[in-house]
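Quick notes on the structure that follows.
The values are calculated or read from the model by the stated rules, or taken from the named source; none is laboratory data. In this text the structure is predicted, and so the values were computed from the model without any measurement. Reconstructed Cβ throughout: ideal geometry from the backbone, glycine too, with neighbour counts over all protein chains shown.
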Amino acid sequence: MSFISNGPSFGSLASNAARGVLSAMTLMLMSFSAVAAEDTRFHGATGGILRFPNSNQPEDENNLFGEAWLKLAYSVAKTEKGNLSFYTLGNVVADTKPFAYNNTAKLGVGLSYSYQVSDALNISFSARHDWFQERTTDVRRSAMKYEMTYYYYRYWAAEPDDKMFGLSRNAWIFKSYGTLAYPGSLEENDDNLVLTLGGEYSTDLQLGESKWLLSPFIDVDFAWDRDGNNYNNKIIPGVGAKIRRPIEKGEIFVSLRAQADYRWKAGTTDVKPGIHIGWYKGF
């Protein structure tokens with residue numbers, strides 16, 4: 001497996017920008033967490049992913065992709081199930097090709113309303129102004145972005161003597177998530193509507209006495225847009241396994257996944273394995 005590309009390396013192109021953004025995110029997170037400990041109106045999350053290859057498409061062969069993001073929010077009105085918040089969202093993206101659209105930094109400020117429909121289902125609506133920069137071209141854009149999202153999560157504890165592959169089973173888990181976004185990009189006069197959906201069914205197997213779990217899974221990702229762009233009209237089923245460690249309000253993981261990338265506009269199907277390394281932490 002080679003990470004060599006014809007363009008600048010991931011480290012030479014992105015490390016300085018990513019290090020600066022991540023350092024700023026870390027300082028913001030430390031300061032924010034200290035305040036949040038004293039005021040429950042503050043909340044947020046951070047996460048990230050390393051993906052190889054970025055996709056199964058020919059142009060992404062040997063392309064390593066990385067993203068890190070941070071969301072900070074302040075509740076201005078809260079009920080038992082609803083939460084109206086001001087928030088800011090920042091992210092940095094880089095790859096090794098490098099494609100201009102995959103080497104970006106973005107900062108957004110907006111207002112969101114989330115509603116806990118049930119113990120399993122949360123829906124939210126947001127309006128946000130984004131400022132965006134392509135780091136390799138210095139192209140800059142800004143515009144409003146509107147999103148409707150949902151997140152569904154179910155956890156079923158296993159029987160005490162339940163096993164798989166000789167390992168004790170802790171639980172079965174199903175999660176599903178989706179976003180309807182307008183416009184599709186920050187380009188001028190963009191009128192595109194983009195829908196993304198995903199779902200995963202997995203089981204947690206205890207790895208000895210450690211805090212790590214082995215999680216075999218099946219999943220699917222789906223995207224559609226009104227403009228008919230090939231990159232936004234796809235369905236990608238997959239099967240694989242994760243080694244993951246739950247942390248408070250989050251997890252860290254490494255996964256190996258075989259996936260079939262079907263693009264119905266181009267009429268192509270590309271089947272390849274992929275490696276993901278990621279984290280999520282709420283606060």
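Is there a residue being within 22 Å of Glu147 (Cβ to Cβ) and aromatic (Phe, Trp, Tyr) anywhere in the range 81-100?
Looking for residues that are within 22 Å of Glu147 (Cβ to Cβ) and aromatic (Phe, Trp, Tyr), one finds at least one in the range 81-100, hence yes.
Table: residues versus (1) of a type in the set (D, E, K, R); (2) over 18 Å from the mean Cα position of the chain (by Cα).
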{"position": "Asp130", "(1), (2)": "yes, no"}
{"position": "Thr137", "(1), (2)": "no, yes"}
{"position": "Arg141", "(1), (2)": "yes, yes"}
{"position": "Met144", "(1), (2)": "no, yes"}
{"position": "Pro160", "(1), (2)": "no, yes"}
{"position": "Lys163", "(1), (2)": "yes, yes"}
{"position": "Arg169", "(1), (2)": "yes, yes"}
{"position": "Tyr177", "(1), (2)": "no, no"}
{"position": "Gly184", "(1), (2)": "no, no"}
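Please determine whether any residue of the range 155-175 is of a type in the set (Phe, Trp, Tyr) and either touching a Leu at 6+ places or on another chain (Cβ under 6 Å) or within 30 Å of Leu107 (Cα to Cα) (or both).
So in the range 155-175, the residues of a type in the set (Phe, Trp, Tyr) come out as 155-156, 165, 172, 174.
So of that shortlist, the ones also either touching a Leu at 6+ places or on another chain (Cβ under 6 Å) or within 30 Å of Leu107 (Cα to Cα) (or both) come out as none.
Looking through the range 155-175, none of the residues is of a type in the set (Phe, Trp, Tyr) and either touching a Leu at 6+ places or on another chain (Cβ under 6 Å) or within 30 Å of Leu107 (Cα to Cα) (or both).
Hey, among Gly44, Gly66, Gly48, which residue is within 24 Å of Arg140 (Cβ to Cβ), in contact (Cβ under 8 Å) with a residue 60 or more places away in the chain and in a strand (DSSP E or B)?
Values: Gly44 fails: within 24 Å of Arg140 (Cβ to Cβ); Gly66 fails: in contact (Cβ under 8 Å) with a residue 60 or more places away in the chain.
Answer to the selection: Gly48.
If a residue must be of a type outside the set (S, T, N, Q) and within 18 Å of His43 (Cα to Cα), how many such residues does the range 84-126 contain? Walk me through how you get there before you give the answer.
Just the residues of the range 84-126 that are of a type outside the set (S, T, N, Q), to begin with: 84, 86-87, 89-90, 92-95, 97-101, 105-111, 113, 115, 117, 119-121, 123, 125.
In the following step, the residues that additionally are within 18 Å of His43 (Cα to Cα) were identified as 84, 86-87, 89-90, 107-111, 113, 115, 123, 125.
Qualifying residue count, the range 84-126: 14.
In the range 131-160, how many are of a type in the set (S, T, N, Q) and surrounded by fewer than 16 Cβ atoms within 10 Å (Cβ to Cβ)?
At the first step, the residues of the range 131-160 found to be of a type in the set (S, T, N, Q) are 133, 136-137, 142, 149.
Next cut, surrounded by fewer than 16 Cβ atoms within 10 Å (Cβ to Cβ) only: 137, 142.
The total comes to 2.
For residues in the range 236-265 being of a type outside the set (D, E, K, R) and closer than 13 Å to Ser55 by Cβ, which is surrounded by the most Cβ atoms within 10 Å (Cβ to Cβ)?
Filtering the range 236-265 for residues of a type outside the set (D, E, K, R) gives 236-241, 243, 246-247, 250, 252-256, 258-260, 262, 264.
Filter once more, so that each one left must be closer than 13 Å to Ser55 by Cβ: 236, 238, 259-260, 262.
On the way: Ile236: 21, Gly238: 19, Gln259: 19, Ala260: 15, Tyr262: 16.
Looking at the filtered set, the residue picked out is Ile236.
If we scan the range 49-65, do we find a residue that is buried (at least 20 other Cβ atoms within 10 Å of the Cβ), modelled with pLDDT of 95 or more and over 27 Å from Lys242 (Cα atoms)?
Scanning the range 49-65 turns up no residue that is buried (at least 20 other Cβ atoms within 10 Å of the Cβ), modelled with pLDDT of 95 or more and over 27 Å from Lys242 (Cα atoms).
So which of Lys71, Lys97 ends up being among the basic types (Lys, Arg), buried (at least 17 other Cβ atoms within 10 Å of the Cβ), assigned to a loop (DSSP other than H, G, I, E, B) and in contact (Cβ under 8 Å) with a residue 12 or more places away in the chain?
Values: Lys71 fails: assigned to a loop (DSSP other than H, G, I, E, B).
The match here is Lys97.
Of the numbered conditions (1) within 25 Å of Arg128 (Cβ to Cβ); (2) in contact with an Asp or Glu (Cβ under 7 Å, 6 or more places away or on another chain); (3) in contact (Cβ under 8 Å) with a residue 40 or more places away in the chain; (4) of a type outside the set (Gly, Ala, Ser), Leu213 fails exactly one; give the number of that condition.
So Leu213 meets the others, but not (1).
Filter the range 223-254 for residues that are under 17 Å from the mean Cα position of the chain (by Cα) and small (Gly, Ala, Ser); which is farthest from Thr268 (Cα to Cα)?
My answer is Gly250.
Taking strands (runs of 3 or more DSSP E) that fall entirely within the range 177-257, which contain at least 2 residues that are within 21 Å of Phe125 (Cα to Cα), small (Gly, Ala, Ser) and modelled with pLDDT of 95 or more?
Values: elements: 194-206, 213-225, 234-247.
Once the strands (runs of 3 or more DSSP E) in the range 177-257 are filtered for at least 2 residues that are within 21 Å of Phe125 (Cα to Cα), small (Gly, Ala, Ser) and modelled with pLDDT of 95 or more, what remains is 194-206.
Surrounded by fewer than 17 Cβ atoms within 10 Å (Cβ to Cβ), touching a strand residue (DSSP E or B) at 6+ places or on another chain (Cβ under 8 Å) and in contact (Cβ under 8 Å) with a residue 12 or more places away in the chain, is that true of Thr88? Outline the logic, then answer.
Numbers: surrounded by fewer than 17 Cβ atoms within 10 Å (Cβ to Cβ): yes; touching a strand residue (DSSP E or B) at 6+ places or on another chain (Cβ under 8 Å): yes; in contact (Cβ under 8 Å) with a residue 12 or more places away in the chain: yes.
In short, yes.
Condition (residue is closer than 19 Å to Lys272 by Cα and among the hydrophobic types (A, V, I, L, M, F, W, C)) applied to the range 89-101: is it met by at least one residue?
no
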